[in-house]
There are 2 protein chains.
Amino acid sequence: MSGREKGHVSIIGLGPGAEGAVTPDAQAALSAAQDIIGYGPYVARVPLRPDQERHASDNRVEIERARHALDLAAAGRRVAVVSSGDPGVFAMAAAIFEALEADPARWEGVAITVIPGITAMLAAAARLGAPLGHDFCAINLSDNLKPWELVEKRLRHAARGDFAMAFYNPSSRSRPWQFARTLEILREECGPDTIIVFARNVTRDDERFAITTLGQARPEQADMRSVVIVGSSLTRLIERGADRPIVYTPRWAGMPPEGAA
Amino acid sequence: MSGREKGHVSIIGLGPGAEGAVTPDAQAALSAAQDIIGYGPYVARVPLRPDQERHASDNRVEIERARHALDLAAAGRRVAVVSSGDPGVFAMAAAIFEALEADPARWEGVAITVIPGITAMLAAAARLGAPLGHDFCAINLSDNLKPWELVEKRLRHAARGDFAMAFYNPSSRSRPWQFARTLEILREECGPDTIIVFARNVTRDDERFAITTLGQARPEQADMRSVVIVGSSLTRLIERGADRPIVYTPRWAGMPPEGAA
């Protein structure tokens, strides 16, 4: 069978939630699709035309969803796989490529495109100021697919490198103690005065931020709808009267340039 | 003077270059602005209406540019400060807040909004596959505003934590040896077989990728228009016939889930 008979898979980032953060490229890829595949709540964000088909699934079945998308495309369909945020950051793109790598002959000739989106940590950072304005790490705190020891090792290296950090999937019912342990490690490595922000449902109507310190933070402040940002030793607040303080990390370290704080 | 008489500053991310990656929020903020401020080539990307004024500047004067934007807003103007990519990632947002923190009374009541954009590393990652599909660090390799020793320390911690890494500002004429030293450190810490990608002018007409290994990489492959991505120990290639291979980092570590490579 020739590759020209095959369809394609677009792996699309819908951004954090607000329509104003969905790129024209993402809109165009959605509009070109015959099948829309993804985790239920993400698929529900896409308005459907009568000629489009929706395939919603549970959030624990990424590999099955990936194979389904690739099979539809191999049969000639134009398939959109949707992720919240950016599909390349702890989302569906890696799952699609895992499936592909396990059985490349099955999906030979299927074209695959990734359309980036505004990822949660950068949406949260923008609403706060610029907490990731200098070197930073992004860490998925879930130990569903990796040993917890690796998470701890990465936390310690991120802290010792004085990186700002953004955490995805900080907490869930199936992982009851891990975020408390994360806070313990960070307190030990960074000290109690380091700034931490809990950002929930960023850019949605019920968006909420809690700005505090590692010493004050409580594990129950994070859930599956949160992204958590921990500052470097230089991350600071600018108070702005009745408004939420600005949280930012300067571009410099060592000595501020002339005119900067 | 009441805060209500003041204007505002929108710090806007224009994405990596292609129009299809500029969000509707960014377009709306540009369209609401009276003054467009930024580094010359970024300001040049914005089509101007007759009622809008352009203020282009050199890329070495971020703090002056930040103060200029805040002053215009304090005088009642609606000001857009434009950055390539995301303004919160090694771009203008932190510079604005540095200026503000140094002299908060001067700009009291000026509203400041950050509009996120698709940052270069995530645009490059999407074109390649999903090299940042698991835990990763973003590091600005410029030592203009921080001691080189801090860069080395962060490189070593990122490597020892087995993070994938994205480097901004890898090389420039004023920093002739730093990227060669970066490659040396990474070879030492990660070994010669680790994947490295040089991505230049991502999403533009002259976009170019070079996929190689730390052992084969040469310092002159990076310049100021490049973002460089270095894989973790698990980052791998999927060959796709005549097409560019896919570069991706799986979501798992230790043991692949069923159905994944």
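What follows is calculated from the coordinates using simple rules that are stated; it is not laboratory data. Since this is a predicted model, take the numbers as computed values, not measurements. Note that each Cβ is placed from the backbone with ideal geometry, even for glycine, and that neighbours are counted across all protein chains shown.
Overview of results
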| item | result |
| --- | --- |
| At 7 Å out from Cα toward Cβ: A:S233 inter-copy label distances (nm, ascending) | 2.8 |
| Local electrostatic count, A:V202, Cβ distance below 12 Å [Lys/Arg +1, Asp/Glu -1] | +2 |
| 12 Å beta-carbon shell around A:I36, net charge (K/R +1, D/E -1) | +3 |
| Nonlocal amide H pairs with A:T194, under 5 Å, H built at 1.01 Å | A:L214, A:G215 |
| Where N is the number of residues in the range B:3-118, Cα Rg divided by 2.2 N^0.38 Å | 0.96 |
| Cβ-vector label at 7 Å, A:E152, separations to other copies in nm | 3.1 |
| Shielding by partners, peptide A:105-115 (average Cβ within 10 angstrom, other chains) | 3 |
| P(r) tail fraction, the range B:78-135 - alpha-carbon pairs more than 19 Å apart, % | 44 |
| Net charge, A:A164 excluded, C-beta distance under 13 Å - Lys, Arg +1, Asp, Glu -1 | +1 |
| Prolate/oblate/rounded call for the range A:58-182, Cα gyration tensor, a/c under 1.5 rounded | prolate |
| Eligible aspartates and glutamates near A:K146 by straight Cα distance, threshold 18 Å, same-chain separation 8 or greater | A:E62, A:E98, B:D135, B:D162, B:E258 |
| HN-Hα J in Hz across the range B:252-261 - Karplus 6.51, -1.76, 1.60, θ = phi - 60°, x for Gly and Pro | 9, 9, x, 9, x, x, 4, x, 9, 5 |
| Cβ-derived FRET efficiency at R0 22 Å, A:D193 paired with A:K153, nearest 0.05 | 0.35 |
| Mean shadow area of the range A:121-248 over all directions, Cα convex hull, nm² | 7.4 |
| Other protein chain Cβ atoms within 10 Å, averaged over every residue that makes up A:231-240 | 2 |
| Other copies of B:G40: label-to-label distances in nm, shortest first, labels 7 Å along the beta-carbon direction | 5.6 |
| Rh (Kirkwood; distinct C-alpha pairs) - the protein assembly as shown, Å | 23.2 |
| Cα-based shape type of the range B:205-261, given that a ≥ b ≥ c are square roots of the gyration tensor eigenvalues and the cut on a/c is 1.5 | prolate |
| Estimated vicinal HN-Hα couplings, Hz - the range A:193-207 in sequence order (Karplus 6.51, -1.76, 1.60; Gly, Pro = x) | 8, 4, 6, 10, 10, 9, 10, 10, 6, 4, 6, 8, 4, 9, 3 |
| Cβ neighbours within 10 Å from other chains - mean over B:145-156 | 4 |
| Shape category assigned to chain B from the gyration tensor of Cα positions, a/c cut at 1.5 | prolate |
